[in-house]
Structure formats: C-alpha cells, structure tokens
Amino acid sequence: MAECIRKFEEGKATLPAPDVDPSTLVYHEVGPADEFEDGKAKPLTLDGTHLAVFLYEGEFFAVDNRCPHMGYPMSQGSVRDGVLICHWHHWEFDLKSGGCLLTSGDDLKAFPVEVREDGKVYVGLSPGEKEEARRRLVERGKRALEQGLKDRSSFLIAKAVAALRQAGAEPGEIIQQGLYYGAHKTGEGWSSGVTILALAANLWEDIDEKDQNLFLVHGLTQVARRTSGSSRRQRFPFPRAGKDQDLETLKRWFRTFVDHRHHGAAERILLTLHDRGYPKEVLADFVFSAATDFYFTGDGHALDFANKTFEALDYVEWEGAHEILRPIVVDLVTRTRHEETSRWADSVSALEEIFGRLDEIWEENQRNRGELDVAEFAQVMLGDEFGPILVEVESKLRAGVPPEQICRAITYAGGLRTVRFHLKNEGDWHDVANIYSYGHALYRAFGYASSKELLRGLFHGAVFLTYLRWLNMPSARVPQPGQKLDEEFNSDEEMLKRFLEFADFQKVYEAEILVNQYLEEGRDLIKLRQALAHITLREDAELHMFQVLEAAFRHFDLSEDPEEKRIHLLAATRYITAQKVMKNILWATENAERLQRGDLLSEREDDN
C-alpha cells in the first residue's frame, strides 16, 4: 500500500491511452486501495462498463473485463511478469496497455487509474465510454464473425452474433455482412446460406426473440460451409465513356449470354444496370426473364433464388449490391434446364405451342379483368394430366385473372401435395418443398417485375405439379376440420409444449392433429408460429425447412379462407416435424449466449 501511495505522489499513476483527452475523463471511485490483494483483480461495472481492476507489484491497472477472444472474465486471469493471461484459451495481454501479444488477437481496452490522497482507487472513463465501448464491441464482433466464417465454426459464429447483438448491432448489419461475405467469397451461385439469411430477414417478426440469434447462426453457418475464403473474380460495369446501349439491347444480350452459359458477360450487364442507377424493377425483369427462358431451371431454385436476391437487397437497402447481385447469374447459367431432361420431354411441344401465343395471352391479360377462386383452382392444378391444366391456366390468363392469383393457387396446390405426402416417400421430400416455395417465389416475382416472359413460370409450375402426383399415391392421412386429440389443454403454453414433444419423437400425424385442434380452438396464432419456427431452428435444419415455413406463413396471411389457412399450417407442420436432424447449431448458440451473459460453461446444468 505504501508503495502505491509513493508512486501516486511521484506522478506514476497509470496514464490514459494517447487518443483520450485527459481533461474529459470522469473518475469513478472503486474502493480503498488497501482492500486489493497483489496479483489479484476486482471485477466491477461502472456506468455499464465492465472492468477488471488489478493490483500488481504496487501499481493499479484497469482493463475491460471481457477477453476479446470469447468474453471470458479477465478478472479470473493471472498476471506473470506484467502479462495478463486469460485462463480459458491462454491469450496474453500487456497489463499496462492492454495490447494483445498474439499476432492476430484483438487488444483489451485499458483505462487510467489513480490512487488519491484519501487512499482510494479511481478509474477514469470517457463521458462517451458507453457508446465507444459499444462501437468497439460491434467492430470486434464483425471481425470475430469474419473469422468464424473463415474457420467454418458454428461456435465462433454464434459467439460473434451474441456479442454483436448484445452490443446493439442491428440484425440488418449482421445479415448484410453475411450476404456480402457469402457472395464475395465463393465462385458458386446464390447458396443456401445467403438464402437462409434472406429468410431470416423476412421472418424476423414471426419468431420468438429468444430464437433470433439462432436464426442468424443458421444462415451464417451455411454461408461458412459454402465459401472457401478466396474471393470471387472481380467484375466491373461497362466504362462510362461514350453512350450506353439501350435497355432492349442489354436485355437481349443478357439473355443470350445466359443461354450461352457466359456468366462473366451477364454479370457485367447486371453491374452496369446497377451502376447506371436503373430501378430494381429493371434488374428484376432481366433476371426473371432469363430464369424462365428455360424450363423450371434448377428444380425451380433459379427463380426462387432470384427472388431472394432482390428481397435480401431490399432488406439491406442495396448496400454491397455490386457483389450481392452477382451469384444469381451463376444459378441462371449452371443449373439444370429441364427441357433437356427426359422427365419433361413430353411437355415440351405443348409448352412451346403456348409460348408461341405469349404476346396475345399477355395483351388479353392486361386488357381484361378477372377473378379466381384460389382454393377451387388449386384442385384443378392437382389434376393427373398437364394438358387440360395448361388449357385452364391459359384461359384464366386471357380472362384477365391476375397472375399473382394463379401463383397463389400453385402454392396452395403445393401445400396440398405436402400434407398428402406419405412418409414412406422420404427420399422425395425436396420435390414437394420445391414446388411450394417456387409458387411463393413466383408470386413475389410478379410483384417485382410482372411481364409476359414471367407468365411462362406459371405453366412450368403447372407441369411440375403433375409430375409430383405419384408422391401422393397413396395419399397420407390429412386431419379433418375439427379433428382433435383425446387431450384437453389448460393453456396455449401447455399445448405447445406437447407439440414440441411430438416433434421431438417425429410423431408427425399427432403433431398435425394438435395444430388442427389449436386452430379449431382459436388459440394464439403468434405463439403457434413461433413454436413452428422454434422446431425448425433447434435442429440443424436444411434450406427447404425454412422455405416451407416462409411459404406457409405468408400464404396463411394472404388467404381469408379458413380451410386454405389450415392446410398451409398443416403443410409446414408435416414437413418440419418429419425431418430429424442433429442439434449442433442450437448447442453452439446456447453456449455462446451463456458465455456472453458471463455464465461459465462449467456451471451448466445439462437437461439430460
């Protein structure tokens, strides 16, 4: 103690960092100096700032109490020869400055300390320290997130997400970083990872707050798995010297380059459109036209992913669009064109005949005004032969039925295919998910850029629905309206707990009846939607589970028909509860959140 007082009197108190104006500091009392033990630290929180105050060889030092690696409390570390050591992964820091002794490690924030004549210890904080600390944590979290993506580590990603969210980072910041990284660090197309991030943005308000971090970790983990760390080859818009080509020419070129599988040239055209400030409707028209130039490209994923590209860009306000736009071209160029497959061979002549009349179909559709009973027309779409169905679709379009209504019928028919899907057909689950999400994507695409070219997507969807008829032979049992379990529940929570138990043991039909009963009893729909999302998120869910969830939720909201609403939620229930996968992402996220709260994993109580 005497040594501390001597050093204070000699003016040897710890100095603030060079970028801090000492005159602006506010000093806070942390306790009597003689209560500190040499080599030990006291953890404390001052105005929201977590500190570890050390007495070492007669001097006092204060640093951020959270290790920048994974947040372990530095107050539980030890000091050797002036080096502060974190006891979890043995990161080492200069106790005086907070400088990390690892080449790539982040520094600890160090704070000035004084021992005053009253014998008490004071720590100096900037008046803006709380916001400065938040910004430091956000920037550190973004660096940690990039490292987690490079390492393909769900735990490091989850840790970064937890830190970012606690520091006040908006979900859009995290999603934008993931989208940009996922687009820039791969030569692939619009992958499952960036798609799940777009779905997280779309479904953010539909999930329980406690599951939001988990949703981000799902998408980011998939991004990490689909990237290599090396950057996509750089592309640039056309030079601005001289005059630009007109849009008609650029669109013709774009479709030709996609047809010839020349993705580099097609990318440059999209980048040029963006660089010249054309509205998103123009870019969407180029992309959707190319996506429907071929039959149900990539099992519908090309159009589905194209839609997600624009939804994602809208969500992040087109920040980083010069990279985020590019992967969709790879999907347009590389995915299967089904007119080249034997499965679709019989439909080619019928579809080409219709497409030869596309101009007049579009003109009549725009001139006339018609309406559609979505549920009734969905039954037409479920027919066994595509010929009569194509005739009906063309007739409705000529009568002026808005294409979006036919999209809704396709989506509803996809929902019916899903609820009638027999579990013994498990190898074909992706097919019913594909048509369900495709119908929804087509609906959204018409909202972005309605066109005669996009009409072809309606006919493609109609044909694919007939190819799935065998998946409903035999048809699975579908709960009847009003059907209930032989159980009564005193609360929504009690009922949904039972729902989670059914899902855990893949009791698919029982889960469907419970949802049926929940709807029949008019219980809280928000809680049911959150429970369905939680069932999806607690598993290492693959892309189609998220796509089905979104299609079900959105078309439930679009419909006013109770039966149509019921089928959409049953479709999501059946698809999601039938999938059984591991829970590694859930466990990584839970551990990361515990550590971010300051809990120790060694004190965890396992459920089993």
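Brief remarks follow.
- Filter result for residue 497 (touching a Leu at 6+ places or on another chain (Cβ under 8 Å), open to solvent by 10 Å² or more (accessible area, probe 1.4 Å) and in a helix (DSSP H, G or I)): no
- Any hit, the range 519-530, residues being open to solvent by less than 40 Å² (accessible area, probe 1.4 Å) and either modelled with pLDDT of 95 or more or in contact with a Pro (Cβ under 6 Å, 6 or more places away or on another chain) (or both): yes
Per-residue answers, yes or no, for (1) free of Cβ contacts under 8 Å to residues at least 60 places away in the same chain; (2) over 25 Å from residue 166 (Cα atoms):
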site	(1), (2)
22	no, yes
34	no, yes
37	yes, yes
45	yes, no
56	yes, yes
66	yes, no
75	yes, no
87	yes, no
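- Segments classed as helices (runs of 4 or more DSSP H), wholly inside the range 378-488, with at least 1 members that are without any contact (Cβ under 8 Å) to a residue 60 or more places away in the chain: 386-398, 403-419, 429-449
- The lone criterion from (1) open to solvent by 30 Å² or more (accessible area, probe 1.4 Å); (2) out of contact with any Asp or Glu (no Cβ under 9 Å at 6 or more places or on another chain); (3) under 30 Å from residue 584 (Cβ atoms); (4) assigned to a helix (DSSP H, G or I) left unmet by residue 230 is number (4).
- Qualifying residue in the range 347-360 (condition: open to solvent by 30 Å² or more (accessible area, probe 1.4 Å), in a helix (DSSP H, G or I), at pLDDT 95 or above and within 13 Å of residue 464 (Cα to Cα)): yes
- For the range 45-55, a residue qualifies if it is open to solvent by 40 Å² or more (accessible area, probe 1.4 Å) and either closer than 14 Å to residue 90 by Cα or outside any loop (DSSP other than H, G, I, E, B) (or both), and the qualifying residues are 45, 50.
Per-residue answers, yes or no, for (1) among the polar types (S, T, N, Q); (2) under 13 Å from the mean Cα position of the chain (by Cα); (3) at pLDDT 95 or above; (4) open to solvent by 10 Å² or more (accessible area, probe 1.4 Å):
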residue	(1), (2), (3), (4)
198	no, yes, yes, no
208	no, no, yes, yes
235	no, no, no, yes
241	no, no, no, yes
244	no, no, no, yes
253	no, no, yes, yes
272	yes, no, yes, no
275	no, no, yes, yes
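- Residue among 90, 28 that alone is under 24 Å from residue 143 (Cα atoms) and modelled with pLDDT under 95: 90
- Search result, residues across the range 21-44 that are small (Gly, Ala, Ser) and open to solvent by less than 60 Å² (accessible area, probe 1.4 Å): 31, 33, 39, 41
- Verdict on residue 114 being modelled with pLDDT of 90 or more, surrounded by fewer than 18 Cβ atoms within 10 Å (Cβ to Cβ) and in contact with a Cys (Cβ under 8 Å, 6 or more places away or on another chain): no
- Among the candidates 285, 299, the residue that is on the phi > 0 side of the Ramachandran plot, touching a Phe, Trp or Tyr at 6+ places or on another chain (Cβ under 9 Å) and either without any contact (Cβ under 8 Å) to a residue 12 or more places away in the chain or open to solvent by 10 Å² or more (accessible area, probe 1.4 Å) (or both) is uniquely 299.
The values are calculated or read from the model by the stated rules, or taken from the named source; none is laboratory data. None of these values were measured; they are calculated from a predicted model. Quick reminder, even Gly has a Cβ in these numbers, built from the backbone with ideal geometry, and neighbours come from all protein chains shown. SASA here: full protein model, heavy atoms, side chains in, ligands and nucleic acids out. Shrake-Rupley method; radii C 1.70, N 1.55, O 1.52, S 1.80 Å.
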